[in-house]
Every structure is written in C-alpha cells, then in structure tokens.
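Accompanying notes for the structure given below.
The values are calculated or read from the model by the stated rules, or taken from the named source; none is laboratory data. Bear in mind that the values here come from a model prediction, so they are computed numbers and not experimental data. Cβ coordinates were reconstructed from backbone atoms using ideal geometry, including for glycine residues, and neighbour counts include every protein chain displayed. Surface areas here come from the heavy atoms of the whole protein model, side chains and all, with no ligands, DNA or RNA. Shrake-Rupley method; radii C 1.70, N 1.55, O 1.52, S 1.80 Å.
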Amino acid sequence: MGLFEPGRLGRLTVPNRIVMAPLGRARNDAETREPGDLSIEYYAQRASAGLIIAEATHISAGTVSRAGTGAIHTAGQVAAWRRVTDAVHAKGGRIFQQLFHLGRKADPDRLPGGQLPVAPSAIAATGTLPTPTGPTPTGPKPFPVPRALRLGEIAGLRDEFELAFTNALAAGFDGVELHAANGFLIEQFVRDDANQRGDGYGGTLANRVRLLLQLVDSAIAIFGSDSVGIRLSPHFTVDGPGSSDVPVIYPYLAALLGQRNIAYLHVIEPDATPADRKIAARLKEAFSGPFILAGEFDRDSAARAIDEGRADFVAFGRLYIANPDLVERFALPEPVLNPQDEATWYSGGAHGYTDYPTLAQAQARAQAQARVGAQALAEPA
Ligand SMILES: Cc1cc2nc3c(=O)[nH]c(=O)nc-3n(C[C@H](O)[C@H](O)[C@H](O)COP(=O)(O)O)c2cc1C
C-alpha cells in the first residue's frame, strides 16, 4: 500500500507517507510558553510518523492567544524545544516546527499592555475568540477589530519571523512549516475579505502573496529550500467569507512556491469537500513538488488519495491525538483505533495527551484485566 512506501520531503527521506498534522494542545508553560517534560514524551511517542509537524508556535510576544500555546522567541524556549527535537531524533523521528502569527485573531487581553491585534486591514474576523483555559478566564467574546499594520511596520514583522526561523534551526528542528492557513496573519494577507490594503501588500495577486513569499524566502535563507514547508487552507471560511478569487490566487501562489523548490506544500482539503470546491488537484499540479493533503482522512481514504495520485503524503490530526502508534496501527489489516476525547484537547496535563495507550499497551492492559477477572471468579466470595 502506498502509505507505507518511503518518500522524500526535501532533504529528508521518510519511511512512510503518514504525517502527524500540527496540533496545538495548550500544554506549554502558561508563563514562559516553553514545552516541558510532557511535550517531550508526547512527541517522542509519535516518532514513527513519516514526519511530525509540531504545533503552531508563536513567533513573538506580540501574537499570543490561549494559555499554553508555545512560542520560540526566547533563549529558554529554544532550549526547551531542543529537548523535544532531541527526544524525537533519538527515537529515529523527524520533526518540523509550524510557526505562526495570529494577526487579527489574537486576544487583546493576552497581548502585552492590552494592545490591539495587528492585521493587514482593520477588519474583524467573524466569530468569537477561543474560550481561555488559563487562570483568568474571561469567557467567549467577539474577535476585536484589529489595527491595520503600517507599511513601515512590515519590516519589523519580517524580522520577527526571521528570528523565529533562526531559533527553530537552533532548536534542532529538521525544518519549518509556515502556517499560512486557518485564518491567521499570513492567510489574512492572501484573502481579500481580510486584506483591503492600498499599498504593495494589498490589491493585486502579487501584492497579496508578497508577505508570504518574503517569509518563505527568509526561511529558505536560514534553513535552505529543502527544509521549508507551507500550509494553506484555500477554503477556510470559519471566520469570514474567504477570498473572492480562491480558484485564481491559490494556483498562482502554488506555482510561485513550486519555483522555489521548497520541501512540501501542505493543503487542508477534506476528502468529503464538494467536488465544485475542490482545488487541491490544481494546487498539486501547479506546485509539482511533494504534496501533503489533510482533512478528515482515515487509513483507507488516505491510501486511496495516494494511490490515485491526489497526494504524496497525508496528514492526520485527530487520529494522531488519540493514537501515538498510528503508523503501527495502520499497518494492521483492520486497524483498531483509540477513540479521542475532545474535552482534553486543551485541558492541560497528561490526561488525553500522553496517556493514550499504544496497541501493545492496550492489549497488555486488557490481558491483565482478564486475569484479574478470572481470579475473582475462581475465588469463593
Ligand atoms: C486540537 C486541535 C489542534 C489543532 N491545532 C492546529 C495547529 O496548531 N496548526 C494547524 O495548522 N492546524 C491545527 N489543527 C488542525 C489540524 O492540523 C487538522 O488540519 C484538522 O484536525 C483536520 O484533520 P483531521 O481530520 O485529520 O483531524 C488542530 C486541530 C485540532 C483538533
């Protein structure tokens, strides 16, 4: 089956086509935003993935959200992430770091000095901020109207990303994935429902992808093109109507990314997306390099996507939350999977994070329970 063929992602040769999707789990230290021992264990448990893409990590202090999301702008954070990458490498795995800036989706109550979030234009996302799970819950509230970045501020923003790329390299990541999906800052620049700038970063296709490409080029300068990936979600409309020209701007962007020979293009398009909205095939063709598809896949639909040439790799999110040994489980004729518990996504602590058993652990547990049960039956009451 195609899922188990080795493949190439930039400079990495990977043993299978199964990618762990980036998953923010809010387990970093609430103050320092450093990953701790639990995160080391969590990622090391999942080292058999062809590639781990670590959770979205903040590039600066000016873009923080719920308590427990990680960052990589301090020396302490670099050292803490180094322990994670070392643990994954020690188990033979490979790990990229996903880097992001929330833009208009940042929570002003959590930004230094209560500043307004920044964005391409002063247009609020629709919907509400995620309910904080930290020590000072304020309850759901609408996304704020952000402050439009001044043209002169964009160089500073690029510097912050550059520092994050440098830090990710120092932390031992095999590469970086630029998070240009799910309505965050970079996607806000691409989408014309969020970007109505009249300068060189808004309006035309070239202008709307300018920041994204500048950041890709900056990551390439630090990591090399074969260690830079990018994630896109062309049809993300959870927080606004989305771009009016998705079928035009995204293939245009994919072709420009392809010219840069980056390690991969990672696109979120669930298998079940209606045919009239599907765009991944056009992006794959325009990009022409390694293509990761994500969104509601299971083992068989992923294998089909690979066998039919719709994807080179498939990323799994929720299945990876609940199954540290997803690769080993998928290798069985009939995979048995742990159910995942949504209540523990951002709850903090080991439960729902590092305590999902591997198949071997689950079987050992079941046998032990069966033995205890048999003993109880054998003993007179
Ligand atoms: C708890 C949780 C956290 C997530 N965090 C991130 C993230 O940090 N970065 C990102 O790009 N996507 C994130 N996602 C989206 C997943 O990467 C993935 O695209 C989504 O879950 C769909 O894939 P699935 O159907 O295999 O779960 C998150 C999803 C979940 C459920």
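Toward the positive end of the charge dipole of the stretch 2-356, about the Cα centre and with charges on Cβ (Lys, Arg +1; Asp, Glu -1), which of LEU283, TYR252, LEU232 goes farthest?
Most positive-ward Cα: TYR252.
Quote the FRET efficiency, to the nearest 0.05, computed for GLN369 versus ARG8 with a Förster distance R0 of 30 Å and r equal to the Cβ-Cβ distance.
My answer for the efficiency is 0.10.
With the Cα gyration tensor of the stretch 2-356 giving a ≥ b ≥ c as the square roots of its eigenvalues, does the rule (a/c under 1.5 for rounded; else a/b larger than b/c for prolate; else oblate) give rounded, prolate or oblate?
rounded
Starting from the 7 Å offset along Cα-to-Cβ, what nm value, one decimal, do you get for the label separation of VAL248 and ARG277?
2.1
Give, rounded to the nearest 20 debye, the magnitude of the charge dipole that the stretch 140-193 has about its Cα centre when Lys and Arg contribute +1 at Cβ and Asp and Glu contribute -1 at Cβ.
The dipole magnitude comes to about 300 debye.
Please report the relative contact order for the chain, taking Cα pairs under 8 Å with a sequence separation of at least 6, and give it as a percent rounded to a whole number.
It comes to 17 percent, rounded to a whole number.
Go ahead and estimate [θ] at 222 nm for the chain from helices alone: -39,500 (n - 2.57) per DSSP H run with n ≥ 4, summed, over the residue count, rounded to 500.
Per the formula, -10000 deg cm²/dmol.
When the accessible area of the chain is split by element with a 1.4 Å probe, what percent falls to carbon and sulfur?
Ligands and nucleic acids excluded, carbon and sulfur reach 56 percent.
Got a sec? What order do ILE220, ILE53 fall in by accessible area at 1.4 Å, biggest, i.e. largest, first?
Ranked from most to least accessible, the order is ILE220, ILE53.
Enter the Cα centre distance for the pair the stretch 194-272 and the stretch 1-62, rounded to the nearest angstrom.
Each part's Cα centre sits 22 Å from the other's.
Just how large is the dipole of the chain about the Cα centre, in debye to the nearest 20, putting +1 at every Lys and Arg Cβ and -1 at every Asp and Glu Cβ?
380
Using a 7 Å offset from the Cα along the Cα-to-Cβ direction at both ALA343 and ASP355, what is the distance between the two label points in nm, to one decimal?
Here the modelled spin labels are 1.2 nm apart.
Quick one: angle between helix 210-223 and the longest Cα principal axis of the chain, in degrees between 0 and 90, rounded to 10, please.
60
Counting only heavy atoms of protein chains, what accessible area per residue, in Å², does the stretch 195-278 have with a probe of 1.4 Å?
On a per-residue basis, 37 Å².
Hey, can you find the accessible area per residue of the stretch 51-135 for me, probe 1.4 Å, expressed in square angstrom?
I get 30 Å² per residue for the stretch 51-135.
Can you pull the one-decimal nm distance between simple spin-label points at ASP109 and ALA155, each 7 Å off the Cα toward Cβ?
The two pseudo-label positions are separated by 3.7 nm.
Only residues of the stretch 1-16 count here: report those whose backbone N is under 20 Å from the spot 7 Å along Cα→Cβ of SER288, or say none.
Counting only backbone N, you get 8-11.
By how many degrees, 0 to 90 and rounded to 10, does the Cα axis of helix 246-259 deviate from the longest principal axis of the chain?
80
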